[in-house]
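Everything on this sheet refers to the single structure shown next.
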Amino acid sequence: MVNTMSGKKTNVMIVDDDAHVRIAVKTVLSDAGFNITTASGGEECIQFIKEGFSGIILLDVMMPDMDGWDTISAILDQKMEKEVVIIMLTAKDNPDAKMIGLQEYVIDYMTKPFDNEELIERVNFFSRYYLSDSDNG
Amino acid sequence: MKIIIIGSSTGGPYILENILKDFPILKVAIVIVQHLPPAFNKSFNSHIASLTKMGVFIIDDHTRLSERNVYIAAAGYHLRVENNRVFRLDSGEKVHGVRPAVDLTLLSIKKRSEDSIMGIILTGMGRDGADGLCYLHRIGGTTIAQDPLTAPIKSMPQAAIETGEVDYILVPELIREKMILFGQ
Amino acid sequence: MNKPEPTKEKSTDFSMIENKINNENSRISSLLWLIQEITRSHLLDHDPEERIQQIISRVGKVMNIQYSSFIEITSDTDKVKFCERYLWSNRYGYLIGTDFENLKNDSFYHTVSSTLVKNQQVIVKINEAEGFFHELMNDRQSGSMVMVPLINKGSLIGILAFFDQSVNRNWIQAEITTLMILAGIIETGISRKKIEDVLKSSKKKFQSLIDQIGDMYFMTDKSGILITVSSSMVRALGYESCRELEGTSFENILHSHEYWPIFLSDIISSEGVKDYEIQLISIDKRILYSSISCRLIYDEEGLLQGIEGVIRDISRRKQYGDLLSDMEWKLEQAQKIARMGVWSYDTSLRRFRASPEIFSLLGIPSEQNVIMYEDFVNRSFPQDTEKIQEFFSHALEKGSDFDFEFRIQLEDNRFRFLRIKGKPLMKKGIIQGSFGILQDITERKDVEKHLMKYAAELEQKTLELDAMRTQLLDMNRELDIRVRRRTLQIEELLRQKDEFIQIIGHDLKTPLTPLVAILPHIRKKISDPEIGELLDNSIEDVGTIRKLVTTILELAKMNSLYMVSDIQELYVKDMIDHIISDHAYLIHQKSLEISTNISEELSLMMSPMHFETIAGNLIGNAIKYSYIDGKVIIQAKDFKDNILMSIQDFGIGIEKEHINRIFEEFYRADNSRHERGSHGLGLAIVKRVVEMYLGNITVSSEGTGKGTTFQIQLKKNPDIHMKKKTGLNDD
């Protein structure tokens, strides 16, 4: 279980409209030593980023109002894409047409339900390589 | 000259970890076109650099290809190769919604009797790379698509396979093997 | 001779005259002796030239003349040539004569010759002579000369000239007459020689002519011995030279020797024969079909001298003759078969000539053996009679082309359809009549009638068909529309289904996610074994649900008819053996060797129907595409969580260009094989099923005739796949 290079805790945000999913992810990942933020939808996510969140985002796709892609578009609008590494975590295993133009902002893709070990490993991996020290904390 | 061109999108970095982990120095020029936001170009570069002892560089306009190096496409620019020897960047329109599009890179490859080219398409959304791989195959290059079942997103490798011009459909470990064989 | 003594004075005159007479008498008698000699001898006939020389000299001597000569006169339109062939001088003997190129313009000569040509002598005294003759006489110091003519066919061909010294020489008539006779004799001799020469040359020409023609010329004596044969005859009979034939009997060259007396008597009785056909035989026993024309030749006394004739090789003619009669026969037969006859009509004689077929066509009874115009008219069907009378007679008279049909009435009211065609018969530009054919066209007419009927029926049917076709087109169009509509409906339904699946999937997976994540998490924190066990059960149950959800969703997404309901543990070896035995017949037929290399324990989780679809298709193909005495190798083994199976054949293989598309629906690598049941879907279905089980199938082939290998990778337990999706190995 590796945090960032500097040893600081990595920030991870889970964006999912289902509360139980949020709790599940939070539980598993905080146990693994990550700093978890939960957001119930796209707006909340943006809000957190605006307030300074920087780290890995686990983003659900199928959400009411703003879905995953809308959220990414919003992040781009805010020009805050630098701050976040986005991993999509979703029940959908085939991305739909909305992905066009936005796929490069999604660094990885996991389907639900996920295996705990796998999730932890991924988050570790990305935090090691793709989050600069300055992005942390 | 031996050249390997890899195209990947969502899920690519994770797969490339497996492919390039402890990759030996080979007399090949490896070009990686990964769909990434510009902000993560450097990180990706560092990531790849940490995996292999080959030289790893982000491509600049007019960078020359040479073997024993891994070249990372500059995010936000289309990458082309002149005469299979010189990289050219341009900020033209996005293709299939992406820039760089590995299709353009592959399509800029020339058939030269002294060159051996391999093209690999890994996980990703959309269908970038399918046309490029098809073209590469027709001019005599070796073409590989990642086994869709092992890809986080099946789309790109699936589209490539459907062109019928893919020589091998392989899991990441076997892709690695093929690359090493190619470079020897 | 007793000579009276003359008186002195008168006696001198008298003796002179007597001497003269005596001299003259002796001269004349000498000349007469000379004539007799000449005429007795035949030398003039054979060698007139020499004789003329001698005559000249003898006469010259006898007549005691200075010069005597024989002159040849040749005249044509623009010149008269004077050629002194022989000149005798009493004193010097033979001398060279004088020639003069052209006397045409010599008026003196004309005077002289005009007399000579009347067969009269000319005496010229020197003082009377002019021109050439004067010169000549002068040269010869001749006072007078006498010339006697040689006449042939009314023209002057030569002159005998005698030159005397004295101008007063008295030429006695008797002398002159003798000279005239001599000239005549010489002329005859010359003429005869000329005739003989002409005869000889004409004989030569005749001979060469005969030779050229190629006709064989021969002459025999009266007993049939060949005296002369032409070279063409020699060649034709295969001999080397005339000598081989000349002197032998004609009988020898006859094919049948027995025929000789008959042949001979034929010739003699008819004084010769014309176009008499006989067979000759060559030296190498070939038969020469020949035709002889010959005549008898008689000598001057009217006795039979021999036979002379020409022989012509008619073997080719004979060939043609045979061919011709053969062709004639064939023509006759053809006419019979075609129920056709040929006829000709002579306008002036108002007569028909007709081939036998005509008679039978017209129904003319056998007793009658001439055809008349009336036969056509009388035998015709009443309705056609007028037509015949109009056309036929008119055409025959005028000699024009015609072509019409008419009916001939037969017994019991039957009739026959005939067609008559005619063209004018021209000889030397004048119309002499007509000729043409008469043909029975009854059958054809029948056929025509039937054809017309069928054509009408066909017309009818075609119209009906057209109507049907229009109907069908309409129906088709309607169907098309319906199908399209239905397809759209189905597509919409499928889309809706997929959407539904997505939603259902999401809704199922959402609550499942926390369960899958939290339970193990909690489990880690539970130390109480009882609770731990309970939680383990829950985790297992959740696992089951997860499996089910995944499977169901996967299957529901597949737009195929395959419903999975019986996934069970299958033993690969058993399954393969079963499939092989299904193909036992074909295996036996082709004497194939099937080798399997599968462990008895090897098993996987799959619906038996699907396994059979996969393995059955591939094994079936391997067998189908193997050559006789071929081999199929089936292997299966464990490989981590997978089964790796390979089916290899050594049969027709797949070409490089096809191999990438082999799994496509409806793709058939070998489009020339229209096998029933081979719809090109086999491999596509196999691939679908393999993928359904999250497996992998690859194909490889070295090329045509080099066999094919299919390799299938299948998860032994498809649900375990979930963990391995990323391709990472378990440590």
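The values are calculated or read from the model by the stated rules, or taken from the named source; none is laboratory data. All values reported here derive from a predicted model rather than from experimental measurement. No Cβ is skipped: glycine too gets one built from the backbone with ideal geometry, and neighbour counts run over all protein chains shown.
The rows are residues; the columns are (1) more than 21 Å from B:Ile15 (Cα to Cα); (2) at the interface with chain B (Cβ under 9 Å from one of its Cβ atoms).
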{"residue": "A:Thr38", "(1), (2)": "yes, no"}
{"residue": "A:Ile56", "(1), (2)": "no, no"}
{"residue": "A:Lys92", "(1), (2)": "no, no"}
{"residue": "A:Leu131", "(1), (2)": "no, yes"}
Pairs where the first residue, in region A:26-39, is touching a residue at least 40 places away in the same chain (Cβ under 8 Å) and the second is of a type in the set (A, V, I, L, M) and crowded, with 17+ Cβ neighbours inside 10 Å, C-beta under 6 Å, 6+ apart
A:Val28/C:Ala517; A:Leu29/A:Val12; A:Leu29/A:Ile36; A:Ala32/A:Ile120; A:Phe34/A:Val12
Name the residue that is nearest to the other protein chains (Cβ to nearest Cβ), counting only residues in region A:58-86 that are touching a Leu at 6+ places or on another chain (Cβ under 7 Å) and of a type in the set (A, V, I, L, M, F, W, C).
A:Val85
If you take the residues in region C:234-259 that are among the charged types (D, E, K, R) and assigned to a loop (DSSP other than H, G, I, E, B), which one is nearest to C:Val310 (Cα to Cα)?
C:Glu246
Residue check for C:Ile253: over 19 Å from C:Ile287 (Cβ atoms), of a type in the set (A, V, I, L, M, F, W, C) and at pLDDT 85 or above
no
Consider C:Thr188 carefully, then state whether it is within 25 Å of C:Ser75 (Cα to Cα), touching a residue at least 12 places away in the same chain (Cβ under 8 Å), out of contact with any helix residue (DSSP H, G or I) (no Cβ under 7 Å at 6 or more places or on another chain) and outside any strand (DSSP E or B).
yes
Restricting the search to region C:686-713, which residues are outside any strand (DSSP E or B) and buried (at least 17 other Cβ atoms within 10 Å of the Cβ)?
C:Val686, C:Lys687, C:Arg688, C:Val689, C:Val690, C:Met692, C:Tyr693, C:Leu694, C:Gly695, C:Ser701, C:Gly707
For region C:597-634, name all the residues that are assigned to a strand (DSSP E or B) and crowded, with 16+ Cβ neighbours inside 10 Å.
C:Ile598, C:Ser603, C:Leu604, C:Met605, C:Met606, C:Lys631, C:Val632, C:Ile633, C:Ile634
Those residues that are modelled with pLDDT of 90 or more and either part of a helix (DSSP H, G or I) or more than 9 Å from chain B (Cβ to nearest Cβ) (or both), I need them from region A:94-111; list them, please.
A:Tyr105
In region A:4-32, residue nearest to B:Ser43 (Cα to Cα) [restricted to those that are part of a loop (DSSP other than H, G, I, E, B) and within 14 Å of chain C (Cβ to nearest Cβ)]
A:Ala32
Answer with yes or no whether B:Leu149 is hydrophobic (A, V, I, L, M, F, W, C) and within 14 Å of chain C (Cβ to nearest Cβ).
yes
Which residue pairs have Cβ atoms closer than 8 Å, lie 6 or more positions apart in sequence or on different chains, and pair a first residue in region C:359-386 that is modelled with pLDDT of 80 or more with a second residue that is loosely packed, with under 11 Cβ neighbours inside 10 Å and in a helix (DSSP H, G or I)?
none
Go through region B:82-98 residue by residue and tally those that are modelled with pLDDT under 90 and in contact with a strand residue (DSSP E or B) (Cβ under 6 Å, 6 or more places away or on another chain).
1
Look through C:Asp446, C:Asp440 and report the one residue that is acidic (Asp, Glu) and surrounded by 14 or more Cβ atoms within 10 Å (Cβ to Cβ).
C:Asp440
Count of residues meeting criterion [on the phi < 0 side of the Ramachandran plot and more than 14 Å from chain A (Cβ to nearest Cβ)] in region B:80-98:
11
Take the residues in region B:144-165 that are assigned to a loop (DSSP other than H, G, I, E, B) and without any contact (Cβ under 8 Å) to a residue 60 or more places away in the chain; name whichever of them is nearest to A:Ala91 (Cα to Cα).
B:Lys154
Which is within 23 Å of C:Ser700 (Cβ to Cβ), surrounded by fewer than 20 Cβ atoms within 10 Å (Cβ to Cβ), acidic (Asp, Glu) and in contact (Cβ under 8 Å) with a residue 24 or more places away in the chain, of C:Asp649, C:Asp638, C:Asp582?
C:Asp638
Do we have any residue at all in region B:102-109 that's more than 14 Å from chain C (Cβ to nearest Cβ), without any contact (Cβ under 8 Å) to a residue 40 or more places away in the chain and aliphatic (A, V, I, L, M)?
yes
Yes or no: region C:412-421 includes at least one residue that is under 16 Å from C:Ser360 (Cα atoms), modelled with pLDDT under 85 and of a type in the set (Phe, Trp, Tyr).
yes
Mind listing just one residue for me: the one in region C:388-411 that is acidic (Asp, Glu) and within 24 Å of C:Ala338 (Cα to Cα) and, of those, modelled with the lowest pLDDT?
C:Glu411
Given (1) within 14 Å of the chain's Cα centre (by Cα); (2) more than 14 Å from every other protein chain (Cβ to nearest Cβ); (3) closer than 26 Å to A:Met110 by Cα; (4) at pLDDT below 95, number of the condition B:Ile6 does not satisfy:
(4)
Considering only region C:295-307, I want to know if a residue exists there that is within 45 Å of the chain's Cα centre (by Cα) and of a type outside the set (Lys, Arg).
no
Being surrounded by 21 or more Cβ atoms within 10 Å (Cβ to Cβ) and at pLDDT below 90 narrows it down to one of B:Thr150, B:Thr143, B:Thr123, so name that one.
B:Thr150
Restricting to region B:18-47, and then to whatever is within 14 Å of chain A (Cβ to nearest Cβ), of a type outside the set (A, V, I, L, M) and assigned to a loop (DSSP other than H, G, I, E, B), can you tell me which residue is surrounded by the fewest Cβ atoms within 10 Å (Cβ to Cβ)?
B:Lys21
